Amino acid sequence: MQEEPLNINRRSRRMLVSAGGDMDDRGWTLLHVVAKKGDLKEVKRLLNEGMDANVTAGGPKSLGVTPLHLAAKGGHLRVMDELLERGADIDARTKGACGWTPLHHAAKERKRKAIRFLIRNGAFLPDDIHDTRFNPPLHYCPGLEWAYEEMRLLQLESSSSGEASYSSGD
């Protein structure tokens, strides 16, 4: 018996129902879709029903994309926070040559608050912004400079709070 595809949004993306999980024609699960939309209530519902916060997309143009990648791309901080609380990998990399992280997706879309949120929650950045083993070229990811700026601010705050706590011990 063949199951009917489920219409999941106005653009007529079709959700294909199968025993292994529900994915649309991009290889996204429903958790990917609602994380991209920033729908915190639905994200919580799906996670409560047992969906994996680290589920990866299987479509040819989105291999390895997690719900956190999509939430970061949209700048949905509350969804990002919920996913991280539920065990999402902050440094998950997409498959293929690029290996983009959620931080790269936020930087590409110039989502400054999402960049700040990810850095302050421990997202990895190599020391050199031009290290192409870990970062895409800057022309693909223009907001990456903000990530390095945020990292410098965090390091300054850490060093100044360390000095304050040291001097207050006298």
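Quick rundown of the values:
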read-out: Unique match (being within 10 Å of the chain's Cα centre (by Cα) and small (Gly, Ala, Ser)) among Ala53, Ala72; value: Ala72
read-out: Test set (1) open to solvent by 80 Å² or more (accessible area, probe 1.4 Å); (2) under 19 Å from Leu77 (Cα atoms); (3) of a type outside the set (Gly, Ala, Ser); (4) in a helix (DSSP H, G or I) - Ile115 fails condition number; value: (1)
read-out: Filtered residues of segment 22-42 (kept if touching a strand residue (DSSP E or B) at 6+ places or on another chain (Cβ under 6 Å) and assigned to a helix (DSSP H, G or I)); value: none
read-out: Qualifying position, being without any contact (Cβ under 8 Å) to a residue 40 or more places away in the chain, exposed (fewer than 15 other Cβ atoms within 10 Å of the Cβ) and part of a helix (DSSP H, G or I), among Arg45, Arg110; value: Arg45
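For (1) at pLDDT 90 or above; (2) crowded, with 18+ Cβ neighbours inside 10 Å; (3) not in a helix (DSSP H, G or I), each residue gets a yes or a no:
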| site | (1), (2), (3) |
| --- | --- |
| Leu68 | yes, yes, no |
| Arg78 | yes, no, no |
| His105 | yes, yes, no |
| Ala123 | yes, yes, yes |
| His130 | no, no, yes |
| Arg133 | no, no, yes |
| Ser165 | no, no, no |
| Gly169 | no, no, yes |
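The values are calculated or read from the model by the stated rules, or taken from the named source; none is laboratory data. Because the structure is predicted, anything quoted here is derived from the model rather than measured. Virtual Cβ from ideal backbone geometry, glycine too; neighbours counted across all protein chains shown. Surface areas here come from the heavy atoms of the whole protein model, side chains and all, with no ligands, DNA or RNA. Shrake-Rupley method; radii C 1.70, N 1.55, O 1.52, S 1.80 Å.
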